[in-house]
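Following: one structure in structure tokens, then a few remarks.
The values are calculated or read from the model by the stated rules, or taken from the named source; none is laboratory data. What you are looking at is a predicted structure, and each value in this text was computed from that prediction instead of being measured. When we count neighbours, we look across all protein chains shown, and the Cβ atoms used for this are built from the backbone with ideal geometry, even at glycine.
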Amino acid sequence: MIEQLSLFIIHLIQTTGYLGIFVLMTLESALIPIPSEVTMPFSGFLASQDELSFILIVLTGAFGNLVGSLIGYYIGYFLEENIIFSLVKKYGKFLLITEHDYVQSTRWFNKYGNAVVFFSRLIPGVRTFISLPAGLAEMNIWKFSIYTFLGSLAWSIFLTYIGFYLGSRWKDLEGYFRKFEVLIVVLLIFAVLIYINHKLKIIKFRK
């Protein structure tokens with residue numbers, strides 16, 4: 001299934017270019033299991049072949065993530081938590097969404113607050129679902145949009161650059177992500193804690 005999905009992504013980008021990138025990244029952030037780890041590196045590879053623009057790829061991917069995240073945000077905003085959880089429990093398997101993914105995203109948001117919307121965009125798995133708890137918590141839509149776009153921009157730059165750097169070996173990225181996913185999560189948690197500690201010191205100083 002993963003192989004077929006990868007082939008679909010590659011074909012769509014080859015035939016539609018930036019539109020395909022936008023659609024794929026929108027779907028990924030709208031809770032549809034489309035791996036950006038395939039979309040963006042392959043697009044970066046095309047940039048290395050001068051078929052697409054590196055900058056336009058990055059911006060298209062980031063804006064696509066923003067649009068998809070807003071869809072997820074408003075799903076959380078308009079539906080009650082027990083309804084969302086029951087839908088995830090009943091239909092999540094069809095979208096490769098587990099109850100654990102949803103619960104983990106909710107815990108992250110409740111524990112670290114608005115800042116996690118930015119940092120979570122760099123974490124495989126959590127990044128797709130963080131919009132739901134943000135919507136449930138009725139996070140300020142402008143802050144949500146800014147944090148989401150900046151985090152998605154960083155993620156898009158990272159993946160596109162690796163695809164650009166690896167060239168025809170861009171598929172090697174998948175193995176590296178699986179191997180170092182835990183390390184990525186640990187480092188980002190550490191970064192979040194530093195950010196929160198810094199904010200608390202500022203608040204304490206002002207008091």
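Conditions (1) under 11 Å from the mean Cα position of the chain (by Cα); (2) surrounded by fewer than 24 Cβ atoms within 10 Å (Cβ to Cβ); (3) charged (D, E, K, R); (4) at pLDDT 90 or above, marked per residue:
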site	(1), (2), (3), (4)
20	no, yes, no, yes
24	no, no, no, yes
37	yes, yes, yes, no
45	no, no, no, no
50	no, yes, yes, yes
53	no, yes, no, yes
56	no, yes, no, yes
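Does residue 34 satisfy the criteria of being of a type in the set (A, V, I, L, M) and farther than 18 Å from residue 122 by Cα? Answer is no for this residue. Does residue 162 meet the test of being within 16 Å of residue 58 (Cβ to Cβ) and modelled with pLDDT of 85 or more? For residue 162, the condition - within 16 Å of residue 58 (Cβ to Cβ) and modelled with pLDDT of 85 or more - is met.
Taking residue 10, is it in contact with a Phe, Trp or Tyr (Cβ under 8 Å, 6 or more places away or on another chain) and surrounded by fewer than 19 Cβ atoms within 10 Å (Cβ to Cβ)? Yes: the conditions hold for residue 10.
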